[in-house]
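**Student:** The structure follows.
The values are calculated or read from the model by the stated rules, or taken from the named source; none is laboratory data. None of these values were measured; they are calculated from a predicted model. For neighbour counting, all protein chains shown are included, and Cβ atoms are generated from backbone atoms with ideal geometry for every residue, glycine included. Heads up: the accessible areas ignore ligands, DNA and RNA and are worked out on the full protein's heavy atoms, side chains in. Shrake-Rupley method; radii C 1.70, N 1.55, O 1.52, S 1.80 Å.
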Amino acid sequence: MDLSVLSFAVLLIAGPGAKVPDDLEKTFQSLKEAESKKDAAQVKKLAAETCALARQVASMPAPESEEEKEAWAERVAYARDIELHTEYALYATAIQAPPETMVELLSALEQQNPKSKYLDEAYGLYFLTLSQTGAASKIPVLAEKAIAHLPDNEDLLLVLAETAMNRKQSDRALGHAEHLLAVLYKHPKPEGVSAADWERKRSVGLGRGHWIAGLMHSEKAQYFEANKDLRAALPLIKGNQAMVAPALFYLGVVNYQLGRMTMNKAQVLEAAKFSEQAAVIKGPFAEQAWRNAHVMKTEASKMR
């Protein structure tokens, strides 16, 4: 994503009857000045103050007089636009700030509005920055909390799927992985993201999603589903031997089982081939994969 070209899409245009309290307008202008100066401390302070004032105006009850309702509606709409701009100010300043400041500003945005569309865009960068600043342990907790507000966020879903898999929570890992895949297959390219950047992110997400789902299906002896997911993952994880080795190992296992069940000699031989490929990758799967390949070829030799 080219962060330098991001722009705020909401037009802050007040109608002639939309006069807002002076303190809100003054604080809002101060926020915009701090934003233009990239003054993170002032942006954080003024965003909170401006948001609180904007919410006060937006929550004012409607007047009884029909003549006053139009001006009231304009004031409310303008105040809501200002509130949205406070979220943008935190986000735009954060993505241009040093890592520690970025984390601080995005945390403030989380507290202000955990459903913010700008958080939806920022979580990938947020988590990367937490990792870079030695705070990676906070990521699963943040993702677990955030998913309630942004249930279709691919960055949150990937973190939760990987965390659940590492904790041996196969049902949770599979659920999050399948949700991630559904989201990625239907999501259009986000605004402000180049086609190349989106395709790279989408490919990584699809690769890891299919890989996790395939491994979890394998553990559950759901061979057909495992075979489908692991085959889909393989071209997307090419070059990542830590992922390729278990993918090939379990492709060998599930295709062997499927071949035996259907008396399909060709599939059992394909299983042996997957196992041989896994056996040449150094790591915990190599020795067992070599043994599996021998058993599979022996079994295939007895089939018609």
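**Student:** So for segment 110-247, what are the equivalent ellipsoid semi-axes in whole Å, largest first, each being the square root of 5 times an eigenvalue of the Cα gyration tensor?
**Tutor:** Working from the Cα gyration tensor, I get semi-axes of 25, 17, 14 Å.
**Student:** Rolling a 1.4 angstrom probe over the protein chains, ignoring ligands and nucleic acids, what is the accessible area of residue 194 in square angstrom, nearest 10?
**Tutor:** Counting only protein heavy atoms, the figure is 50 Å².
**Student:** So, one more: Specify which residue in the list 252, 73, 36 is farthest towards the positive end of the charge dipole of the chain, using unit charges on the beta carbon of Lys, Arg (+1) and Asp, Glu (-1), about the Cα centre.
**Tutor:** 252
**Student:** What are the extents of the Cα atoms of segment 27-76 along their three principal axes, in Å, largest first?
**Tutor:** Principal-axis extents of the Cα atoms in segment 27-76, largest first: 43, 15, 9 Å.
**Student:** In segment 118-227, which trypsin sites (Lys or Arg not before Pro) fall in coil by DSSP and have 14 or fewer other Cβ atoms within 10 Å?
**Tutor:** When the trypsin sites (Lys or Arg not before Pro) of segment 118-227 are filtered for loop state and at most 14 Cβ neighbours within 10 Å, 167, 168, 220 remain.
**Student:** What size of dipole, in debye to the nearest 20, comes out for the chain about its Cα centre when the only charges are +1 on Lys and Arg C-beta atoms and -1 on Asp and Glu C-beta atoms?
**Tutor:** The calculated dipole for the chain is roughly 2220 debye.
**Student:** What dipole magnitude, in Debye to the nearest 20, does segment 15-161 give about its Cα centre under +1 on Lys/Arg Cβ and -1 on Asp/Glu Cβ?
**Tutor:** Result for segment 15-161 is approximately 480 debye, rounded to the nearest 20.
**Student:** Per the Kirkwood formula on distinct C-alpha pairs, the Rh of the chain is how many angstrom?
**Tutor:** About 22.5 Å for the chain.
**Student:** Given contacts defined as C-alpha pairs under 8 Å and at least six residues apart, what's the relative contact order of the chain, whole-number percent?
**Tutor:** It comes to 10 percent, rounded to a whole number.
**Student:** What GluC sites (Glu not before Pro) does segment 91-130 have in DSSP loop regions with at most 13 other beta carbons within 10 Å?
**Tutor:** Loop-located and lightly packed - none at all.
**Student:** Moving on. Membrane-span-like helices in the chain: DSSP H runs reaching 30 Å or more (Cα, own axis), mean Kyte hydropathy at least 0.5?
**Tutor:** Span-like helices here: 241-262.
**Student:** For segment 189-302, compute Rg over Rh where Rg is the Cα radius of gyration and Rh is the Kirkwood radius from the inverse mean 1/r over Cα pairs.
**Tutor:** Checking Rg against Rh, the ratio lands at 1.08.
**Student:** Remind me, relative contact order of segment 129-214 in percent, using alpha carbon pairs under 8 angstrom and six or more residues apart?
**Tutor:** Relative contact order comes out at 27 percent.
**Student:** So, one more: What net charge is computed for the residues neighbouring residue 216, neighbours being all others with C-beta under 10 Å from the C-beta of residue 216, Lys and Arg scored +1, Asp and Glu -1?
**Tutor:** Around residue 216, the surrounding residues sum to -3.
**Student:** So what is the relative contact order of segment 107-159, in percent, for Cα pairs below 8 Å that sit 6 or more residues apart?
**Tutor:** The normalised contact order for segment 107-159 reaches 33 percent.
**Student:** Of 238/282; 228/265; 186/228; 32/145; 145/228, which sit over 22 Å apart, Cα to Cα?
**Tutor:** Long pairs (Cα-Cα over 22 Å): 32/145; 145/228.
**Student:** Where only protein heavy atoms count, and the probe is 1.4 Å, what is the accessible area per residue for the chain in Å²?
**Tutor:** The answer is 53 Å² per residue.
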